[in-house]
Structures are given as C-alpha cells and as structure tokens.
Amino acid sequence: MQLSREALLRAYRQMKVIREFEERLHVDIQTGEIAGFTHLYCGQEAVAVGVCEHLSVEDKIVSTHRGHGHCLAKGCDVNGMMKEIWGSREGLCKGKGGSMHIADVDKGMLGANGIVGAGSPIGVGAGIACKIDGKGHVAITFSGDGACNQGTTFEAMNMAVVTKAATIFVFENNHYSEHTGFEYAVGTQKDIASRAEAFGMKVWRGDGTDFFSVFETMREVLEYVRVPGNGPAAVEFDTERFFGHFEGDPQRYRGPGELDRIREFRDCLKNFRKSVTDAGVLEHADLDALDTEVLAEIEESVRQAKAADRPTAEDVLTDVYISY
Ligand SMILES: Cc1ncc(C[n+]2csc(CCOP(=O)(O)OP(=O)(O)O)c2C)c(N)n1
C-alpha cells in the first residue's frame, strides 16, 4: 500500500460520498418525489473511484445508466448532482438530464447513457481525439456485463484497435444484466476480458470490490494507454451491486442470502477500512470522522435539492439544440 495518508483519506471519502448519495436516494425515492427511473451504483464504488483517482480533468469518461458513481468520482458537484436527480432547474443539466443523462463536459464527464452499449462508440471517438491531441490523455468508457453483449460494444472495440484510439474499456461485471445472470447470458469462456483480447487489445482483470486492486490495475493500464501510439486496452472488474437493477426491483432472481453475503464479505468500503486499519496506516477514528462529514454533506445536498426551483413551462423550449 504505497498511497499517502492524504490519498487514502481522499479515496475513502470519494467512495463514501457515492455510498451515502445512493443510500439516501434509495430512501427518498420511496416518497415518489423523485421522478423517473433510477439505477443505484452502491457496491461498485471501488471501481469508479479506483479508476477516476488516476484521471485529470482532460481525461474523459463515458458512463452508463448506472452513472451517479462515475460522475461523482470524476468530480461532478454533489449538490448539482442531487438537484439534477430531483429534477430542479438548478441541477447540473438544468434538471433536463435527470438520473440517467447527466453530463459535465467541463469535468471531462461526457455523459451517462440510457442506451445499453451506446457509451462505447462515444468513448472511441473521445479516445481518437486524445490520440490526435498527442498529450497522453485518455478516454474511459464504462460498460456492464450486459453491455458487453451489445453489437455496438464489439464494433467500438474493433474500431478502437484499428484506429489505435487512446480508449480504455472498463467492464464492470456485477453478474447481472437487469434480471439475467451473467453465467447464463455470456457464452464465451464466462469472461469479458478474453473477448476484448480477441479484438487484439491488451487486457487486465481485477477485483472490483477491492479499491487497491482497481487502483493498482488501473495504474498499469493507464501507463500503457497514455503512451501515444499504443492504442486501446480493456479491463474487467468483478464487482457487486447492492440494490436491484432499478429502484423498485424486488430482486426475486437473487439466491437465498445472496445480498446479505455480498454486503458482509464483498463491500468495498468495509474491505478498504479493514485493509488500512490492519496495516496501521489509518485509524478507525480518521474514517469515522469522514463518515460524519460526508453524511452532513449529503444531508445538505438533499436540503438544497428540495428547496431548489423546479423547471417552468418556458424551460421546455430552451436547450433543445446545443452548439459547441
Ligand atoms: C439497447 C438497449 N437494450 C436494452 C435496454 C434495457 N436495459 C436497460 S439496463 C439493461 C441491463 C444492463 O446490464 P449491464 O450492462 O450489466 O449493466 P448493469 O445494469 O448491471 O450496471 C437493459 C437490458 C436498454 N436500455 N438499451
């Protein structure tokens, strides 16, 4: 564990912000005040944070329908995010993106996406731009195990190899595509990374419930892809989602005790806490203090979101077309 104390505290804080943001949405969605479809990222925090902690604002990411964690890890404003999901005109995208279509181009966050597999081609375009730029910046495209079965993903992987795009395909294998198990739905070798390998990419694999595994793996992947001319790479992280596919999903497809087991043994926040306290680099009290701070921050973001202005009828006619 070679990270400084400051870097460790920052990583924990980032994961905790995502965890509490999502746990709070899980509660608040029950009231019906938050409109639209919401897919929570709880359980997968180590992936978003372990990836994004390596990135600068010039590096781009492309997200999925389960995108809150990616946005927060890339530096999107917590209050702006909460207001966006609450549908306020003060939100990050003026309440017009909502949970599934948040973007913040100034932060290098090119957008969440409601269409499964649609992020990969965007990530290739951004990766080609990074390559042309020649400054060693990269584009990361996040996809789930379900998205790995989409034709768009295959086409994007081939295009990335052919064009030597500075794109990294990060596959988050949380074992479910909606309600369909990975074991059933993925035919080839039960492994996503080997598919990417077949397209001619260097691939890596890591434990997505362990921040240190993600962080170290990404260090290697980025070292490779940041070298102009090396082209793309893919990495598969084995991870877990704690909630249903969408909010309201009763999860009857889960095995008995499955959720209890993953919350007990595959929780990236618990695993992080154990690693750093066992190694004596941080104290429980350091982390407890951050927990308190983050809870207050989330509470404040909800207060602001509830009080924020809602869109007006005139707002329907603005931002219909955007020119860059
Ligand atoms: C092209 C397309 N097909 C189907 C859907 C419906 N759909 C939404 S999410 C999802 C499953 C995605 O699973 P995965 O890629 O593993 O991501 P996860 O939900 O596990 O994060 C499906 C089939 C969609 N939104 N877009």
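Restricting 14, 44 to residues that are of a type outside the set (Lys, Arg), within 16 Å of the ligand (Cβ to nearest atom) and open to solvent by less than 40 Å² (accessible area, probe 1.4 Å) narrows the list to 44.
When residue 239 is tested against the conditions (1) open to solvent by 60 Å² or more (accessible area, probe 1.4 Å); (2) within 15 Å of the ligand (Cβ to nearest atom); (3) at pLDDT 95 or above, the lone failure is (1). Quick check, is residue 58 under 13 Å from the mean Cα position of the chain (by Cα), open to solvent by 20 Å² or more (accessible area, probe 1.4 Å) and in contact (Cβ under 8 Å) with a residue 60 or more places away in the chain? No, not satisfied.
In the set 182, 154, which member is modelled with pLDDT under 95 and more than 14 Å from the chain's Cα centre (by Cα)? Just one listed residue meets the conditions, 182. Just one of (1) touching a strand residue (DSSP E or B) at 6+ places or on another chain (Cβ under 7 Å); (2) more than 18 Å from residue 308 (Cα to Cα); (3) aliphatic (A, V, I, L, M) fails for residue 92. It is (2).
For residue 92, indicate whether it is open to solvent by 40 Å² or more (accessible area, probe 1.4 Å) and over 12 Å from the mean Cα position of the chain (by Cα). Walk me through how you get there before you give the answer.
Numbers: open to solvent by 40 Å² or more (accessible area, probe 1.4 Å): yes; over 12 Å from the mean Cα position of the chain (by Cα): yes.
In short, yes.
Can you name every residue in region 133-145 that is more than 13 Å from the ligand (Cβ to nearest atom) and of a type outside the set (D, E, K, R)? Break it down into steps so the answer makes sense when it comes.
Narrowing region 133-145 to residues more than 13 Å from the ligand (Cβ to nearest atom): 133-140.
Scanning region 133-145 gives 134, 136, 137, 138, 139, 140.
Taking the conditions (1) more than 16 Å from the ligand (Cβ to nearest atom); (2) closer than 22 Å to residue 156 by Cα in turn, residue 265 satisfies each one other than (2). Scanning region 113-133 for residues that are under 15 Å from residue 143 (Cα atoms) and out of contact with any Lys or Arg (no Cβ under 8 Å at 6 or more places or on another chain) yields 113, 114, 115, 116, 117, 118, 119, 120, 121, 122, 124.
When residue 50 is tested against the conditions (1) of a type outside the set (Asp, Glu); (2) more than 11 Å from the chain's Cα centre (by Cα); (3) open to solvent by less than 20 Å² (accessible area, probe 1.4 Å); (4) away from the ligand (no atom under 16 Å from the Cβ), the lone failure is (2).
Here region 146-172 is the region considered, the condition is being surrounded by 23 or more Cβ atoms within 10 Å (Cβ to Cβ) and over 14 Å from residue 233 (Cβ atoms), and the residue that is farthest from the ligand (Cβ to nearest atom) is 153.
The values are calculated or read from the model by the stated rules, or taken from the named source; none is laboratory data. Here the structure is a predicted model, which is why all the values come from computation and not from measurement. Heads up, the Cβs are rebuilt from the backbone with ideal geometry, glycines too, and the neighbour counts pull from every protein chain shown. All accessible areas refer to the heavy atoms of the entire protein, side chains included, with ligands and DNA or RNA removed. Shrake-Rupley method; radii C 1.70, N 1.55, O 1.52, S 1.80 Å.
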